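Read through the structure below, which is laid out as structure tokens, and then see the notes.
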Amino acid sequence: MLSLVEKILFVIAVGVSLYYTQVTFSKMITVVQRGQGQLNLDHLPPRLWTALRALVNQGGIIRHRPVTSLFHYFIAWGFIYYVLVNAVDVLEAFIPGFHIPGMLGNLYRLLADLLTVAVLIGMTYFLVRRFLVNSAVLTIRDNVTLHPKAAAGMRTDSLLVGGFIWGHVGFRFLGTAFLVALHGGDPWQPFASLLAAPLDGLPETAQLIGWHTSWWLAIGLILAFVPYFPYTKHAHLFVGPFNFMTRPPRRALGALDPINFEDESIEQFGATTLTDLSQTQLVDPFACIMCSRCQEVCPAYTTGKPLSPSALEINKRYHIWDQMAALAGGEADESPLLEWAISPSAVWACTTCGACLDVCPVGNKPMFDIMDIRRSQVLMASEFPAELKGAFTGLERNGNPWQMTDDRLAWTKPLDFAVPTVEENPDFEVLFWVGCAGAFDPGAQEIARATATVLHAAGVNFAVLGNDETCTGDTARRAGNEYLFYEMALGNIETLNAVGADQKKIVASCPHCLHTIGTEYADYGGHYTVLHHTQLISELIGAGRLKLNGSNQLEKVAFHDPCYLGRHNGVYDAPRLTLAQAGATLLEMDRNRSDSFCCGAGGAQMWKEEEHGSAAVNETRFAEGRATGADVLAVGCPFCARMMTDANTNAGSPMVVQDVAQLVAAALQK
Amino acid sequence: MKIIVLIKQVPDTAQLSANMNGLQLMASGPRIINPWDEYAIEEGLKLREAHGGSVTLLCLGTPDAVETLKRGLAMGADEAVLISDPQLAGGDSLATARALAAAIEKIGAYDLVIAGRSSIDGGNFATAVQVAALLAAAQLSYVAAIKAIDPAAKTITVERLMEAGRETVSSKLPAVMTVVKEINEPRYPSFMQIRKAAKKDVPVWSVADLGLDAGQVGAAGSQVKWSQIDLPPTREAQVEILEGTAEESAKALVDRLLAEKII
């Protein structure tokens, strides 16, 4: 029980804390509101459910860094339980004789006791990891742009948060031990009893003073820390779930938002400065806990490029902290993101693989920031890697990034059957979207032929668009040229609808085409059912429409998940099932399925030189494939095929790199 | 500096295929800005950025050539003028140069006229040179680099790319200059500039506006007529891929090139 004076002091302290909380939180909210658009707060019940799930499962952290994640669960679940513990502690201190009665009370105290120790162990682990072990995963390489205050700030912030948690939970633990000593033991609080043992001999007054002091320190730390939340990464504990809750809905992980080019009042395209980013992208820096899990899975960072998705969020955070009052006060922030948030080379090093989006436990979206900066660079400033100009011009004039003017049906010539166009076969059931790679790249032509051969063998009634097909615009979009993408999307939607493709199935052997037509065209009124060729082939095998050789040379095969098939669109099983059906013994690379590592071609990298780093992305991935001991590296994307084939050639061709369709075509009974 | 850039709308000759003969392409194929002219525009923009002034685009063509001028405006040019008149149809390089020179005089004082070294359709390499002659201005063709320019002293020193090497030439301004692609890397217009360009007015001048007679321009004022355009005959080519490591295939390639007396 608190004395009357203490009670009055406590009420005053709560009032002061709430006042300052309101002040600092308002600033944080106003800063977020400086962003574009709105946070998504419609359909609140399912959104709250999303937030609750993110809170309890901690954004699924256990998928990576399992030991660290386990200790984090200790702290997080302990802290969630401590909301109740703190409330009960205050009530017990205010209301004479208040306690949770009976067995419920016993269990409550037992759980509090266990979680208290769990939090302290967890927090100790994190402090040791950062300050004694100096874990490498928490550092950011020198070639990455980092805010001048970030390197020291991250350590200070971590120490403050660690100190706060240790202080709050530690003093609560000590106070409970004094109480246990005062009351002569509690079998339901084994750890507090352990700590109480040495306190037993103290005079009662000392024990009482000990409890009062501990209580004030434990609760006082909370009252002091709450207004400080917007200035510490510890805000992640509620901004993280809030970030998941208020994210815009997306048809696929990395589906980009459209730009309205018809609205002539829009003067800013993409993001040049901080406030050009959307509100949800301004929640990100407040949510970031600087764990750098995104950096660890980033194909650009891990191959030595100057891109770290976490550094981007950290820079945003320190930039905001530096001028929180000015930003909250509505002052213009003219400093370009490219000067302090991320370097131009980093912006152009992104492969848009989406691994950072997928891994982030607090729902951050660094890839979208990068895409917004690319948009601003292309649409506003016209500053981008010179090689991309060739791809853009090719798309504008020739409808393909290779700048090829050849017949788009030339790939069909070596086949011993005719591949019908939609004019020749208007009653097709399946439209085979060949893609520019399939039409023009010699390696991908083989994939297109293999796909057509398999469809033909299964008796599928299919057709191709032939010379009416153009690039989907994916290359332009990922390179920031949204206007070119927009024009290409409208053109393709018109072509597709004219042949009734919206009423039929489309099959694509390129995951980029699949993603763009299947998920992104919907924003422009194009709604299509698009299957990856492995999905259709797997169905055909399942339906008994393909006769495959029981014994073929397919032995050990490792499948490389294309980013835009797997992580972005969730197709993992169809290619594996198809390979197994074709007689392959499947081996998995260390990083597979949603953890797959990019081939290095995505995000328009195919059309430019790789940014300077310490390794090539494709060779890094190829080495992983080779390490499985497989004979065949199976791919499901013409760009992965190109990148892996190049890496294979450079390594002296120790493996066979082939598309799943090629392996199935080879296994067809003659 | 007052800079005038001559540009031309041309058929996209990259689209030439066995299915389309030359005259068809000239008449109805897809149209692009003459690629050499993009370098001319870029050089004009760079000079303006360095020395101030303005870049005016001048194009002689059919009414739809305004699209080509819009492309140039989107690259950053300040103004554009289209010379378009049915009487101009069928003009040879001299007749075209007469109209262009008259338009330049109508625009007024200038420091430099820049053009691409040639057009990919006509391929005369002559029009800009004839414009220089008609304007009685210095003529600097095949410029690969501007070594020095002094708008105040009205002098320019350029490097001309010749078959056998490079030649440094100085002259007085005003001058008419044609450029080769070594001179720069043309910029890609941003969407903002495309949108701004779309809103700009492009005045259209007729033969009468230029103060010329119908007999001086177009087919009527021309010595040269185009009666037929043929595709070059297709050549039988053999493709051979040299196997092996990079070193091995490079060595094999050198051996073969030596054997064929190519190097």
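The values are calculated or read from the model by the stated rules, or taken from the named source; none is laboratory data. What you see is a predicted model; the values in this text were computed from it and never measured. In this analysis, Cβ positions are derived from the backbone assuming ideal geometry, glycine residues included, and neighbour counts consider all displayed protein chains.
If you check B:ALA80, B:ALA14, B:ALA109, which single one turns out to be surrounded by fewer than 23 Cβ atoms within 10 Å (Cβ to Cβ) and outside any helix (DSSP H, G or I)? Every option except B:ALA109 fails the conditions.
Kindly provide the set of residues from segment A:272-297 that are acidic (Asp, Glu) and either touching an Asp or Glu at 6+ places or on another chain (Cβ under 9 Å) or without any contact (Cβ under 8 Å) to a residue 12 or more places away in the chain (or both), ordered by number. Listed by number, the residues that qualify are A:ASP276, A:ASP284. Only a single item in (1) away from chain A (no Cβ under 14 Å); (2) surrounded by 19 or more Cβ atoms within 10 Å (Cβ to Cβ); (3) in a loop (DSSP other than H, G, I, E, B) is not met by B:ALA153, and it is number (2).
When A:LEU91 is tested against the conditions (1) surrounded by 19 or more Cβ atoms within 10 Å (Cβ to Cβ); (2) more than 19 Å from A:VAL362 (Cα to Cα); (3) among the aliphatic types (A, V, I, L, M), the lone failure is (1).
List the helices (runs of 4 or more DSSP H) inside segment A:259-310, counting only whole elements, that have at least 1 residues being basic (Lys, Arg). Spell out how you get there, then give the answer.
Values: elements: A:279-287, A:293-297, A:299-302.
Hits in segment A:259-310: A:293-297.
Only residues that are hydrophobic (A, V, I, L, M, F, W, C), over 15 Å from A:PHE485 (Cα atoms) and either buried (at least 16 other Cβ atoms within 10 Å of the Cβ) or at the interface with chain B (Cβ under 9 Å from one of its Cβ atoms) (or both): list them for segment A:378-410, please. If the condition is that a residue be hydrophobic (A, V, I, L, M, F, W, C), over 15 Å from A:PHE485 (Cα atoms) and either buried (at least 16 other Cβ atoms within 10 Å of the Cβ) or at the interface with chain B (Cβ under 9 Å from one of its Cβ atoms) (or both), then A:MET380, A:ALA381, A:PHE384, A:ALA386, A:TRP402, A:MET404, A:LEU409 are the ones that fit.
Selection of segment A:586-636 for residues being charged (D, E, K, R) and on the phi > 0 side of the Ramachandran plot yields only A:ARG593. The listed residues are B:ILE120, B:ILE194, and the only one of them that is more than 24 Å from B:GLY53 (Cα to Cα) and within 14 Å of chain A (Cβ to nearest Cβ) turns out to be B:ILE120. Here B:ALA133 passes the criteria (1) part of a helix (DSSP H, G or I); (2) within 14 Å of another protein chain (Cβ to nearest Cβ); (3) in contact with a strand residue (DSSP E or B) (Cβ under 8 Å, 6 or more places away or on another chain) except the one numbered (2). Assessment of segment A:37-54 against the conditions (assigned by TED's automatic domain parsing to the domain that holds A:GLN295 and free of Cβ contacts under 8 Å to residues at least 60 places away in the same chain) yields no matching residue. Only a single item in (1) on the phi > 0 side of the Ramachandran plot; (2) modelled with pLDDT of 95 or more is not met by B:GLY123, and it is number (2).
If only residues of segment A:612-638 that are part of a helix (DSSP H, G or I) and touching an Asp or Glu at 6+ places or on another chain (Cβ under 9 Å) are counted, the one that is nearest to A:ASP142 (Cα to Cα) is A:VAL617.
Scan segment B:188-226 residue by residue and report those that are in a helix (DSSP H, G or I) and touching a residue at least 12 places away in the same chain (Cβ under 8 Å).
B:GLN193, B:ILE194, B:LYS196, B:ALA197, B:ALA198, B:ALA214, B:GLN216, B:ALA219, B:ALA220, B:GLY221
In segment B:134-149, the residues that are on the phi > 0 side of the Ramachandran plot reach residues that are assigned to a strand (DSSP E or B) with C-beta atoms within less than 6 angstrom, at least six apart or across chains, in these pairs: B:TYR142/B:ARG160; B:TYR142/B:LEU161.
Scanning for something closer than 29 Å to A:PRO361 by Cα and not in a helix (DSSP H, G or I), does segment A:102-124 turn up at least one residue? Within segment A:102-124, not a single residue is closer than 29 Å to A:PRO361 by Cα and not in a helix (DSSP H, G or I). Take B:LYS181 and decide whether it is within 14 Å of chain A (Cβ to nearest Cβ) and at negative phi. Yes. Taking the residues in segment A:258-271 that are more than 11 Å from chain B (Cβ to nearest Cβ) and touching a residue at least 40 places away in the same chain (Cβ under 8 Å) as candidates, determine which candidate is farthest from A:SER343 (Cα to Cα). Ranking the candidates gives A:PRO258 first. Counting the residues of segment B:235-255 that are modelled with pLDDT under 90, surrounded by 10 or more Cβ atoms within 10 Å (Cβ to Cβ) and over 21 Å from A:PRO442 (Cα atoms) gives 1.
Yes/no per residue for (1) closer than 23 Å to A:SER308 by Cα; (2) under 24 Å from the mean Cα position of the chain (by Cα); (3) modelled with pLDDT of 95 or more; (4) surrounded by fewer than 20 Cβ atoms within 10 Å (Cβ to Cβ):
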site	(1), (2), (3), (4)
A:CYS598	yes, yes, yes, no
A:LYS608	yes, no, yes, yes
A:LEU633	no, no, yes, no
A:ALA641	no, no, yes, no
A:ASP659	no, no, yes, no
A:ALA667	no, no, no, no
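Return yes or no: is A:PHE417 farther than 25 Å from A:ASN497 by Cβ, of a type in the set (A, V, I, L, M, F, W, C) and either within 14 Å of chain B (Cβ to nearest Cβ) or buried (at least 17 other Cβ atoms within 10 Å of the Cβ) (or both)? Against the criterion (farther than 25 Å from A:ASN497 by Cβ, of a type in the set (A, V, I, L, M, F, W, C) and either within 14 Å of chain B (Cβ to nearest Cβ) or buried (at least 17 other Cβ atoms within 10 Å of the Cβ) (or both)), A:PHE417 does not qualify. Taken over segment B:83-104, the residue count meeting the criterion of being surrounded by fewer than 18 Cβ atoms within 10 Å (Cβ to Cβ) and under 26 Å from B:ARG160 (Cβ atoms) is 0.
So which residues in segment A:94-116 are β-branched (Val, Ile, Thr) and buried (at least 19 other Cβ atoms within 10 Å of the Cβ), if there are any at all? Across segment A:94-116, the qualifying residue is only A:THR116. Among residues that are in contact with a helix residue (DSSP H, G or I) (Cβ under 9 Å, 6 or more places away or on another chain), within 14 Å of chain B (Cβ to nearest Cβ) and within 26 Å of A:THR351 (Cα to Cα), A:GLY480 is included.
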